[in-house]
Structures are given as C-alpha cells and as structure tokens.
Amino acid sequence: MSEAKQKRKISKQGPFFIKFNGLHACVCTPHARHYLKSMLVSHAFKDQSFDKPMFDCLDEQERDFMRYCLNKCKIESRGFDSAYNAILDKYIRRLKMLQGAIQIGDDSESIAPEINSILDILYQKGVFNQAYYAQLKRSLRRPAS
C-alpha cells in the first residue's frame, strides 16, 4: 500500500491537482477529467525552489503554462516571477519606445499595427484586464479624415 502511494505523487494546492511523472506535470480539477500536460520544472511545485537554467530551457508556451499553473495553484515564487517579468519587459520597453516616437511626431503607418500586436501579446499574457485593453485599443484608433 505504501508502495502505491509513493508511485502516485499528487499535490493539492488550491482548487487544482498536480500530478508528477518525472518532469512532466499534469494539472486537473477535482471535478473534471481534463488534464493539461507540459514539461515543467516540477520541483517548483515540490520544494518551492526555482532553477533559472531550467527555466531558460523552456519555450514560451511552457513558460506561460507554468505561470498559469503557479497562479491557479496559488504558489508564489519570486524567482519565477522575476524571470518571467524580465521576458515581458522587452515588450514593455518596445511599447514605450513606440509611444515616444508618436509623441515626437513620427506618423509612420507601421507604428500602429506594431503597437496593436504588442498590446495583444501583453493582454494574452495577462498583463492587464479586458477593460483596460479595450480602452488602449480605442485610444489607438485614428479619427477618419
């Protein structure tokens, strides 16, 4: 009986369950039979540590999924948050640079689509809520001449 318990490692934190199989982690709700699987840095869930070199090996989708898992399971990791925010910082810097170009009078037609694409990326990553996103999109619309 104890052998069966050792094979099946389950961590319940928040409303979601996380099952581990090596570096693979499965996230599911107690009522649903749906599992989301990804190659995650599973020790972040087990011993609350963070390994930057392993984080750097993850692709963008795995990083986003790991952030989703950490948020849903209510796990706080300063190391993960700072590494993830450093990735988002490049989008924020580019957005500020484009905003500065508009303020100094650059009316290039390629600026608005680039700003829209950056806003879409930041919204998808959960940087701001839907109301703020809609407000930003409305402010970018140019009045018809």
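Can you tell me how region 81-140 classifies by the Cα gyration tensor, rounded, prolate or oblate, using a/c under 1.5 as the rounded cut? Judged from the Cα gyration tensor, region 81-140 comes out oblate (a/c at least 1.5, b/c at or above a/b). Each residue of region 71-88 is assigned a 3J(HN,Hα), and the resulting list reads 5, 5, 8, 6, 9, 9, 9, 5, x, 5, 4, 5, 5, 5, 5, 5, 5, 5 Hz, derived from the Karplus form 6.51 cos²θ - 1.76 cosθ + 1.60 (θ = phi - 60°), x at Gly and Pro. Multiplying the residue separation of Asp59 and Arg93 by 0.36 nm and subtracting their alpha-carbon distance yields 10.1 nm.
For Ile75, nonlocal amide neighbours, meaning residues 5 or more places apart or on other chains whose placed amide H falls under 5 Å from its own, do not occur. Farthest toward the positive end of the dipole of region 79-120, out of Ser117, Ile87, Ala101, is the Cα of Ile87, where the dipole comes from beta carbon charges about the Cα centre.
Every number here is computed from the coordinates shown, using simple stated rules; none is lab data. All values reported here derive from a predicted model rather than from experimental measurement. Glycine also receives a Cβ, built like all others from the backbone with ideal geometry; neighbour counts cover every protein chain displayed.
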